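Here is the structure we will look at, set down as structure tokens.
Bear in mind these aren't lab numbers, they're just calculated from the coordinates by the rules spelled out. Computed from a predicted structure; not experimentally measured. Note that we place each Cβ from the backbone using ideal geometry, even for glycine, and neighbour counts take in every protein chain shown.
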Amino acid sequence: MKHPYRIREIAAQSGLSQATVDRVLHNRGGVRESTIHQVHQAIAELDRQQAQAPLGGRTFLIDVVLHSSRRHGAAVRDALEAELPAFAPAALRPRIHLADGPGNDLIRTLERVGRSRSHGVVVMAPPLPEVADAVARLGVPVVTLNGDLPAGKRIAHVGVDDFDAGATAAYLVEQRLADRAGDVLVINGKGEREAGFRALLLERSPARRLLTVESADTGAVRATLAQNPSIRAVYSAGTCGNAAVVTAFAAEHRNYDVFVAHGLDRENVALLRAHQLSAVLHQDLRTDLRHACLVLLRAHGALPGPIRSRPSAVQVITPFNVPPAEF
């Protein structure tokens, strides 16, 4: 086993004797599997400590700019704060900026961040030319989250591609409907997710209509159902309000064959467990945000390692593989 550490360092880290560590390292036998595992763990911990040594207790201000809802902003904040202890002894101080309306214009938000003291920015925004230009003017390392920007405007990209996530939802809907007739109700339809959903559904089943309701409001959904008896499927492109949609179907004495949504929050988990959602497309935000922060630290020379993108795959959660007890 190759490693840069002295036997006494590994022994001190593992709580084992130097003789035992020596036997494990040189495969001399006569050692239990649990002891071998202890030695491996000690070496891994020494690796982690060595990687973090350059951080030296420094403080890094990380700005996260989101073209998103308050609910999603809260989910990002929770995921990021859960990862902060992993960066000790450095202190990462995230600042969340929601740019989801006229009062919080995305370009003005990016310009305001650019005038502040910042060590790096994580941006989740539509891939528009004006956004790319505003990001290019920031003057600090930038990592894009989910939606990417043109090459040269950021140092790395992490997360799930929203267009592909929408296409995945369309695939699941079409697989469940198969050859049956029926139209699809789209809730919170906007952005790249809906674009991906529409593109694949149009390709696979051009005869199906997509009927859009802007928000998961029970009254609006009921009115659409009353006017369209052909609706047999639901796609929620947003991340909340799906219980209201289920309530609207029940109030109209209607059933659906498939209901696909995004986001593994408490509401969606409960609906999955009750078999009222067919599938939820889930992003591991914690892992994506951890990698974004690692990239920003490496850009400042605070950590060793390559600066590179890490696209992640959307996870399909059904009633039969819901994560345990977290919710």
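Using a simple charge model, +1 on the beta-carbon of Lys and Arg, -1 on the beta-carbon of Asp and Glu, nothing else, what dipole does the range 162-282 show about its Cα centre, in debye to the nearest 20?
280
Per the helix-only calculation at 222 nm, which mean residue ellipticity applies to the chain, given -39500 (n - 2.57) for every DSSP H run of n ≥ 4 and division by its residues, nearest 500 deg cm²/dmol?
Details: 12 runs with 141 residues, N = 327.
After summing the helix terms and dividing by residue count, I get -13500 deg cm²/dmol.
Quick one: of the DSSP bridges fully inside the chain, what percent are antiparallel, nearest 5?
Percentage antiparallel, nearest 5: 10.
What is the gain in length, in nm to one decimal, between residue 308 and residue 130 on full extension, counting 0.36 nm per residue of separation less the C-alpha to C-alpha distance?
Length gained, residue 308 through residue 130: 61.7 nm.
Amide H neighbours of residue 146 under 5 Å, counting only residues 5+ apart in sequence or on other chains, H built in-plane at 1.01 Å?
Amide H neighbours of residue 146: 158, 159, 160.
Given contacts defined as C-alpha pairs under 8 Å and at least six residues apart, what's the relative contact order of the range 7-54, whole-number percent?
Relative contact order comes out at 38 percent.
If neighbour count is taken as other Cβ atoms inside 10 Å, put 26, 253, 300 in order from fewest to most.
253, 26, 300
Quick check for me: using +1 on Lys/Arg Cβ and -1 on Asp/Glu Cβ, what's the dipole size of the chain about its Cα centre, in debye to the nearest 20?
On the way: 38 positive and 33 negative charges, 173 e Å.
Dipole of the chain, to the nearest 20 debye: 820 debye.
Let me check against my output: what whole-number percent is the relative contact order of the range 218-322, with C-alpha pairs under 8 Å and at least 6 apart?
On the way: 131 pairs, mean separation 24.4, N = 105.
Relative contact order of the range 218-322: 23 percent.
Place +1 on the Cβ of every Lys and Arg and -1 on the Cβ of every Asp and Glu in the chain, take the dipole about the Cα centre, and give the residue among 302, 200, 216 whose Cα lies farthest towards its positive end.
302
Calculate the spin-label point distance for residue 44 paired with residue 107, positioning each point 7 Å from the Cα along the beta-carbon direction, and give it in nanometres.
Result: 4.9 nm between the two label points.
So what's the gap between the Cα centers of the range 85-134 and the range 176-220, to the nearest angstrom?
Value for the Cα centre distance between the two parts: 32 Å.
Can you tell me the FRET efficiency between residue 284 and residue 8 if r is taken as the Cβ-Cβ distance and R0 is 41 Å, rounded to the nearest 0.05?
0.60
Say each of residue 37 and residue 61 gets a label point 7 Å from the Cα, pointing the same way as Cα to Cβ; how far apart are those two points in nm?
Label at residue 37, label at residue 61, 4.5 nm between them.
Mean separation of Cα pairs under 8 Å and 6+ residues apart, divided by the residue count of the chain: what relative contact order is that in percent? Write out the running numbers ahead of the final one.
Details: 565 pairs, mean separation 47.0, N = 327.
Once divided by the residue count of the chain, the mean separation gives 14 percent.
So I have (i) 78, 54, 31; (ii) 60, 40, 39; (iii) 62, 53, 44, and one of them is Cα extents along the principal axes in Å calculated from this model. Which one is it?
Calculated Cα extents along the principal axes in Å: the matching label is (i).
Rounded if a/c is under 1.5, else prolate if a/b is larger than b/c, else oblate: which is the range 184-229, with a ≥ b ≥ c the root eigenvalues of its Cα gyration tensor?
The shape class here is oblate.
With the cut-off at 1.5 for a/c, could you classify the range 162-282 from its C-alpha gyration tensor as rounded, prolate or oblate? All intermediate terms of the calculation are to be shown ahead of the outcome.
Details: a/c = 1.42, a/b = 1.10, b/c = 1.29.
Cα axes put the range 162-282 in the rounded bin.
I'd like the FRET efficiency for residue 318 and residue 215, computed as 1/(1 + (r/R0)^6) with the beta carbon distance as r and R0 of 30 Å, rounded to 0.05.
Calculated transfer efficiency: 0.70.
What full-extension length gain, to one decimal in nm, is calculated for residue 22 and residue 257 as 0.36 nm per residue of separation minus the Cα-Cα distance?
Answer, rounded to one decimal: 78.4 nm.
Got a sec? Which residues in the range 121-143 would a label at residue 115 touch, if it sits 7 Å along Cα→Cβ and we count backbone N under 20 Å?
Hits in the range 121-143 for residue 115 at 20 Å: 121-122, 131-141.
Where does helix 285-299 land angle-wise versus the long Cα axis of the chain, in degrees 0 to 90, nearest 10?
50
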